[in-house]
Amino acid sequence: MDHFLYRDGALHAEDVPVAEIAAAVGTPFYLYSAATLTRHFRLFDEALEGVDHLVCYAMKAASNQAILTLLAGLGAGMDVVSGGEYARAKAAGVPGERIVFSGVGKTREEIATALAGGLRQFNVESEPELAEIDAVARQMGVIAPVTLRVNPDVDAKTHAKIATGKSENKFGIPIARARAVYAHAASLQGVKVVGIDVHIGSQLTDLAPFRAAYRKVAELTGQLRADGHEISRLDLGGGLGIPYERSNSAPPLPVEYGAMIREELGHLGAQIEIEPGRLIAGNAGIMVTQVIYVKEGEGRDFLIVDAAMNDLIRPAMYDAYHDIVPVIEPAPGAESRPYDIVGPVCETGDTFARARAMPPVGPGDLLAFRSAGAYGAVMASEYNARPMIPEVMVQGDQFAVIRRRPTFDEMIKRDTIPPWIGGNPAA
Ligand SMILES: *Cc1c(COP(=O)(O)O)cnc(C)c1O
């Protein structure tokens, strides 16, 4: 459930008409609902009630400081995958002991930064990375808490670009090698093994692959404990999917996911960490755009909107589906027609939807892309010198711009012209 609903014929974000925000901010923009973010975080937290646990929001899904600060205030931990995300988490007031550091290519600098600033654990993805963390920690005279991310060779049955748990994927240590790598890790002075980590992919719409992976984790926990390792923490990753296409999909709910975790792992007495990203932010955000032109083509009509693939890349990158609805509620019984909904960028990939049935819309009308809160703003770019899309948050009857649109001048001034082609070195 989210808080973007029609009220008196107009789409609202909580208690604010979306059109009012569009008039104040200009289109396109992302719009988040604080109540929805809060609700989704709590659903996960409550799903694991009674179990020692920490919900670490996978902040790569949406990492505006306002979102992070809101979630940090609710007690969220953070799953970070870069030095930049680590810095953002700390700036949002998240204590080091609530930050887990994931990612397949942590650099020496990132490792040192996190060790200096404090962290809960590194989720280690490979043997060379384990060696690097050990070396950096010894050099700094500290001990790095680590889990090893195992690759359980489970098919997450999701889009190929976001499946991470098969042996052919670049992620983690093959589960068959896990015991040998744990034995090696135990011999290192700079690291302390605290548990096991697994993350099999994103936008999973079925619990079965999670269950299969967690069963393997339970079995491995028994083996590693028998080998003498202290496995006190199980990091189960993120990946629970959301209903992008409301009419025909109903992925499992956090409460069902939590029940399954208890069934498979509850008896192990380990602390549970989960890293949801998409389910917390996805349906807590929409992207609002304006129709520029309606172009009637040969056998195909186009709605040309002022948002483009650089603002929301998911359709181009993952063939993703987003519900697209008019901000003014269509009259009951209004007849729909198929349109291709496209942006202004000179690439055929700049297509948000093909032959999408839409109620009557014309130039100047506002459209909302639903489920755009996760992997939306964070993946935006300034391709075509289109300014980075602004972000807005609502709470109740208030709204605030949480990242403003840069001016053209600001964009231009970020570049430097070398003196040898006429630039002013003092500028
Ligand atoms: C991307 C990612 C997540 C979050 O996945 P969602 O599908 O957004 O829940 C969690 N953990 C790791 C290691 C990831 O790479």
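The values are calculated or read from the model by the stated rules, or taken from the named source; none is laboratory data. What you see is a predicted model; the values in this text were computed from it and never measured. Backbone-built Cβ (ideal geometry, glycine too); neighbour counts: all protein chains shown. Note: accessible area is taken over every heavy atom of the protein model, side chains too, but ligands, DNA and RNA are not part of it. Shrake-Rupley method; radii C 1.70, N 1.55, O 1.52, S 1.80 Å.
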- Item | Sole exception among (1) within 27 Å of the chain's Cα centre (by Cα); (2) open to solvent by 10 Å² or more (accessible area, probe 1.4 Å); (3) among the hydrophobic types (A, V, I, L, M, F, W, C) for Ile274, by number | (2)
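Being surrounded by 15 or more Cβ atoms within 10 Å (Cβ to Cβ) and within 15 Å of the ligand (Cβ to nearest atom), is that true of even one residue in region 299-317? Give the derivation first.
From region 299-317, those surrounded by 15 or more Cβ atoms within 10 Å (Cβ to Cβ) are 301-317; that's our starting set.
Those left that are additionally within 15 Å of the ligand (Cβ to nearest atom): 314, 317.
Yes, the conditions are met somewhere in region 299-317.
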- Scanning region 216-233 for residues that are under 23 Å from Ser167 (Cα atoms) and without any contact (Cβ under 8 Å) to a residue 60 or more places away in the chain, the one surrounded by the most Cβ atoms within 10 Å (Cβ to Cβ) turns out to be Leu224
- Message: Residue under question is Asn169, and the condition is that it be more than 16 Å from the ligand (Cβ to nearest atom), modelled with pLDDT under 95 and of a type outside the set (A, V, I, L, M, F, W, C); does it hold?
- Response: no
- Message: Condition check: within 16 Å of the ligand (Cβ to nearest atom), among the β-branched types (Val, Ile, Thr), touching a residue at least 24 places away in the same chain (Cβ under 8 Å) and within 14 Å of Ile313 (Cα to Cα). Does Val342 satisfy that?
- Response: no
- Message: Given (1) more than 11 Å from the ligand (Cβ to nearest atom); (2) of a type outside the set (D, E, K, R); (3) assigned to a loop (DSSP other than H, G, I, E, B); (4) open to solvent by less than 10 Å² (accessible area, probe 1.4 Å), identify the lone condition not met by Gly238.
- Response: (1)
- Message: Just to verify a result, which residue in region 336-361, among those that are of a type in the set (Ser, Thr, Tyr) and open to solvent by 50 Å² or more (accessible area, probe 1.4 Å), is farthest from Val291 (Cα to Cα)?
- Response: Thr348
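Yes/no per residue for (1) in a helix (DSSP H, G or I); (2) within 23 Å of the chain's Cα centre (by Cα); (3) farther than 30 Å from Leu303 by Cβ; (4) modelled with pLDDT under 95:
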residue	(1), (2), (3), (4)
Pro252	no, yes, yes, no
Gly258	yes, yes, yes, no
Ile261	yes, yes, yes, no
His267	yes, no, yes, no
Ala281	yes, yes, no, no
Met287	no, yes, no, no
- What residue, of Gly364, Gly333, is modelled with pLDDT under 95 and surrounded by fewer than 14 Cβ atoms within 10 Å (Cβ to Cβ)? Gly333
